[in-house]
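Structure record follows, encoded as structure tokens.
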Amino acid sequence: MRVRIRHGGRCHQLPVILPGALGAFCALAAAAAPAADLQFITPTQGRPVFVAPGTSFVAVADLAGATNGLRAELVARTNPPHYHPLIIAPPTTGNAGSTELQLSVPADVPEQTYDLKLTTARGPLVARHAVAVQRLTHRLRLVHLSNMNVGDVGAPHFDQRLVDEINLLAPTLIVATGDYLDVTHPNPPEGWQDLADFLARFDAPCVAACGDHDDLTLYTQYLAPSPIGTVGVGSCQVLLLYDVPGRPIYSDESQIHWVEQQLGQRGPRLRLVVSHDQRPNLLSYWQEQGMLQRMIKTGRLGLWLAGGHRDWDGVECRDLIAAAAPLLYARTHQSSTVTQDGAEGISHYRIIDLDRERAIVYGTELADDRHASLPVGRIELSYDGPNDGTRSRVAFNALSTHPFRLPNLQARLLLRRAGGARPWCRGARLVRLVDLGRYWECRVEFDLPDKGAVRVVAGTGTPPELPQLDVSFDMPARVTLVPRGAGDERYLSAADWVGIVHVHNRGSASADVSPLIRLDGQTVAYRVVNEPGPFATAYKLRLGPQQTLALQLDLSAGRFAPGRRELQVYLSGLPAQLPVCQPLELVPANAPGTAVPESQ
């Protein structure tokens with residue numbers, strides 16, 4: 001059996017087996033630094049565990065014999081924090097004297113990422129941001145963060161903008177590929193504490209590889225007891241390798257043996273490899289041994305995330321990566337403001353959605369099935385007022401300047417309670433609700449169209465009444481771009497494309513509305529069919545009950561880039577703005593199957 005991995009609009013085939021049980025979490029502790037007096041082995045901040053509400057997971061710790069009177073709880077570092085006691089089965093002694101604890105999560109625990117706190121007779125033990133309580137579906141969202149080198153003169157601090165923006169994306173898992181601190185950092189222990197604080201500010205847990213600039217002792221103290229290990233995420237398994245330029249994996253026979261043992265085990269539908277070295281040295285080793293394709297197919301390897309300062313150029317290791325097809329290889333531009341090795345000085349990240357039989361990579365399409373990583377600062381969210389639980393109604397605007405749709409974004413709202421009524425939401429989907437006493441914590445989900453925006457309002461009490469308006473489209477899906485100026489500027493041809501937007505009032509009362517129509521970030525003029533008046537960008541219209549108005553679009557004056565775009569219709573003047581979109585393909589006049597208008 002094989003599945004397809006879609007990279008942008010293209011599909012990659014990769015081998016799978018029928019899905020087995022939930023991928024088990026394990027950590028390899030053989031290469032770890034000496035254990036502290038009290039220490040978690042699993043889960044940890046860099047090796048989290050995923051667990052559904054109402055189920056259990058295994059925690060392993062070195063408790064130095066302090067096993068009497070144990071108490072365990074999940075701690076949410078929200079404002080305010082909340083705590084959830086766990087049920088502990090009788091502890092057992094594991095390898096090397098470690099203690100194994102089976103911990104049961106109550107069914108009513110809200111879904112989010114928690115600290116795991118264990119109270120012992122010797123004091124508390126905390127695994128920060130290490131337990132993700134989630135009901136995982138077939139769709140997983142990964143966000144890849146690459147080299148940061150914080151402490152360099154160009155990046156004195158971790159980039160908080162990454163936290164704010166990536167949390168909007170609602171990832172399932174953050175994947176970090178090492179080099180967190182620069183070798184010139186003035187105080188490495190303080191820097192590693194800053195890193196732990198930084199990673200804990202993401203809503204999602206993080207799996208973290210170790211880079212060649214990273215102090216291995218501090219790595220094992222703050223992130224994981226070993227740089228080698230696995231994490232189960234639903235039906236997928238993440239393998240973390242210790243593969244750095246100064247210690248390539250092909251010189252580590254024991255690690256290669258461990259990897260091949262993991263790949264020989266049945267269970268995960270798909271395996272992902274996370275490694276720091278930008279060259280996939282393990283693939284090179286397998287190729288030299290004549291076993292590359294066999295390991296990819298039998299091991300169900302689908303994705304390789306590597307470290308580096310820049311996106312993959314499509315040239316380096318090209319033959320090796322081509323030989324490893326259908327494995328999808330990805331590198332991401334530096335995730336900080338450092339300008340080392342050609343980095344731009346703007347933090348980047350990469351989004352990859354795994355959805356059953358495909359992987360969707362978001363970013364501007366490049367050559368050779370590659371996509372550019374995303375610079376921070378092109379998604380914005382602004383609130384109308386405080387979002388701190390003091391107001392019973394909160395509204396925000398979200399904006400994207402990316403030339404592609406971003407689905408399933410989320411925002412966290414805090415709403416003051418108003419009697420016993422549950423909160424409502426307009427312009428987004430209310431996907432989670434937690435009662436925090438004086439106020440509600442709400443998670444609302446929405447999609448951002450390409451170079452588009454949404455306006456969302458949520459509250460308690462009486463919701464606003466919205467007119468019952470429907471939008472539909474009557475237009476060809478393919479639009480021809482005809483060059484009319486110097487350089488690469490292209491203008492839409494108005495000679496052979498006619499588009500009509502229908503706005504229908506299905507309510508019993510009249511509705512006032514001002515349609516705003518946008519394409520590729522530009523406002524499109526229109527006029528009402530069969531009514532006098534020129535083309536304009538913002539008509540104020542009144543629709544009577546059951547009335548439909550047809551709007552004819554004028555695209556002749558626009559300047560647009562080729563590609564897949566969305567025609568967006570906003571009904572301005574309403575409390576919430578969720579555009580109705582129609583996909584369009586904008587193609588140059590010389591594209592296959594496209595005729596140049598006779599007037600040209």
(request) Look through Arg350, Arg294 and report the one residue that is outside any loop (DSSP other than H, G, I, E, B), under 18 Å from Arg141 (Cα atoms) and basic (Lys, Arg). (result) Arg350
(request) Spot the failing condition for Gln265; the list is (1) part of a loop (DSSP other than H, G, I, E, B); (2) in contact (Cβ under 8 Å) with a residue 40 or more places away in the chain, and only one is missed. (result) (2)
(message) Name the single residue that is farthest from Asp108 (Cα to Cα) among those in segment 388-417 being open to solvent by less than 40 Å² (accessible area, probe 1.4 Å) and in a loop (DSSP other than H, G, I, E, B).
(response) Pro403
(request) For segment 235-252, indicate whether the set of residues that are assigned to a helix (DSSP H, G or I), touching a helix residue (DSSP H, G or I) at 6+ places or on another chain (Cβ under 9 Å) and open to solvent by less than 10 Å² (accessible area, probe 1.4 Å) is non-empty. (result) yes
(message) I'm trying to understand the selection: among the residues of segment 529-542, which are open to solvent by less than 60 Å² (accessible area, probe 1.4 Å) and either under 27 Å from Ala561 (Cα atoms) or not in a strand (DSSP E or B) (or both)?
(response) Val529, Gly533, Ala536, Tyr539
(request) Quick one: count up the residues across segment 313-326 that are buried (at least 22 other Cβ atoms within 10 Å of the Cβ) and closer than 14 Å to Asp368 by Cα. (result) 0
(request) May I ask you to list the residues in segment 302-343 that are without any contact (Cβ under 8 Å) to a residue 24 or more places away in the chain and in a loop (DSSP other than H, G, I, E, B)? (result) Asp313, Val315
(message) Among the residues of segment 444-467, are any of a type in the set (A, V, I, L, M), in contact (Cβ under 8 Å) with a residue 24 or more places away in the chain, in a loop (DSSP other than H, G, I, E, B) and surrounded by 18 or more Cβ atoms within 10 Å (Cβ to Cβ)?
(response) no
(request) Looking for whichever is open to solvent by less than 50 Å² (accessible area, probe 1.4 Å), among the small types (Gly, Ala, Ser) and in a loop (DSSP other than H, G, I, E, B) here; the options are Ala66, Ala72. Which one fits? (result) Ala66
(message) Tell me the residue from Ala170, Ala208, Ala204 that is closer than 26 Å to Val75 by Cβ and in contact with a Pro (Cβ under 7 Å, 6 or more places away or on another chain), please.
(response) Ala204
(request) Could you pull out the residue among His138, His144, His129 that is loosely packed, with under 13 Cβ neighbours inside 10 Å and closer than 30 Å to Arg331 by Cβ? (result) His138
(message) I'd like to check something: does segment 200-214 contain any residue that is part of a helix (DSSP H, G or I), in contact with a Leu (Cβ under 8 Å, 6 or more places away or on another chain) and open to solvent by 10 Å² or more (accessible area, probe 1.4 Å)?
(response) no
(message) I'm trying to understand the selection: among the residues of segment 150-186, which are closer than 16 Å to Arg412 by Cα, open to solvent by 10 Å² or more (accessible area, probe 1.4 Å) and more than 11 Å from the chain's Cα centre (by Cα)?
(response) Asp164
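The values are calculated or read from the model by the stated rules, or taken from the named source; none is laboratory data. None of the values given here were measured: they were computed from a predicted structure. With ideal geometry, Cβ positions are generated from the backbone for all residues, glycine too; neighbour counts draw on all protein chains shown. Accessible surface is based on the protein model in full, side chains and every heavy atom, while ligands, DNA and RNA are left aside. Shrake-Rupley method; radii C 1.70, N 1.55, O 1.52, S 1.80 Å.
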